[in-house]
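Notes follow the structure.
Every read-out reported here was derived from the displayed coordinates using simple, explicitly stated rules and does not represent laboratory data. Just so it is clear, the structure is predicted and the values come from calculations on it, not from any experiment. All Cβ positions, even for glycine, are placed from backbone atoms using ideal geometry, and neighbour counts span all protein chains on display.
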Amino acid sequence: MAATMRPADTDAPALLSVTNLEVVYDDVIHVLKGVSLRVEEGRIVALLGANGAGKTTLLRALSGLLDVHDGEVTKGSVIYAGRKIHHLPPTKIASLGIKQVLEGRRIFAELTVEENLRVGGHVAPRSVKQNMERVYGLFPVLAERRKRTAGYLSGGEQQMLAMGRALMSEPSCLLLDEPSLGLAPLIVQQIRDLIVEINASGTTVLLVEQNATMALSIADHGYVMENGKIVMDKPAKELLADSDVREFYLGLGAEGSAKSFRDVKHYKRRKRWLS
Ligand code: ATP
């Protein structure tokens, strides 16, 4: 499915707006060091960054899950639909329409597909049945496997179930943490197309990915995070064409030749973003 590219529109109202956010774990581990980011309504925004950059921490701050990990927002703000949310509990944030799909496909392995979906749907305005039909429409394979124990699904099916369960609460904004992680290329394509379809049906998406090619191919705008800071943000098309991004994330030199992993690792040691 071809992604529809929309021009970045900085005048459009931000559905989600993060300003100078600082997050500390265990009172001492300073992980986010003044992050600012905006997600406009109806868009797909990609957040890229190497392991440990702080991407998951940012998502936890947005969905209210920092507490569970002994983390807290010490400075800055998160505003969603005009409302400050950075000190609200996760249930309240979820009721405002933000839903996070955690990295690693955290489904209830002992429950069936249908039971997993029911768990996700109890707070939704529409009936569980209506939302389940919508999810089955998006993910027909889940309909075929509705009575199957979730733990026996393939990795790709479990990712679809995790996304489907999140959609059961009719979120206005979906936070996806590495949905392509560990999946075969064909399945990554399917997940990519599904994200486009979910977005086209009106859900704003913040997509955290290490698969930069996949994320930037469908995003409107992209942010690059390093060591707890945003070091670059541009329209996704421009990021895809940026020589640093191509070399660092896509393993491609300026002339388009694939670099070896060793070259890329060497590059990582040699050069820090915008330093
Ligand atoms: P990855 O893709 O590897 O998950 P990431 O960009 O999502 O990377 P985070 O998981 O947010 O990065 O981690 C950022 C930093 O915060 C890392 O140094 C990590 O060790 C640290 N960190 C994460 N969770 C905690 C925690 N609960 N307590 C202390 N430090 C943590």
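Loop-located trypsin sites (Lys or Arg not before Pro) across region 67-116 with a Cβ neighbour count of 15 or fewer within 10 Å are ARG106, with loop assigned by DSSP. The listed peptides 109-115, 156-162, 202-208, ordered by packing as a protection proxy, come out as 156-162, 202-208, 109-115 (highest mean of other Cβ atoms within 10 Å first). Close amide H pairs (under 5 Å, H built 1.01 Å from N) link LEU15 with VAL39, GLU40, GLU41, residues at least 5 positions away or on another chain. Put in order of Cβ neighbour count within 10 Å, fewest first, the listed residues ILE93, ILE79, ILE195 become ILE79, ILE93, ILE195. Looking at region 91-133, the pairs of alpha carbons with a distance over 13 Å make up 61% of the total. Neighbour counts of C-beta atoms inside 10 Å place ASP242, ASP220 in the sequence ASP242, ASP220, starting with the fewest.
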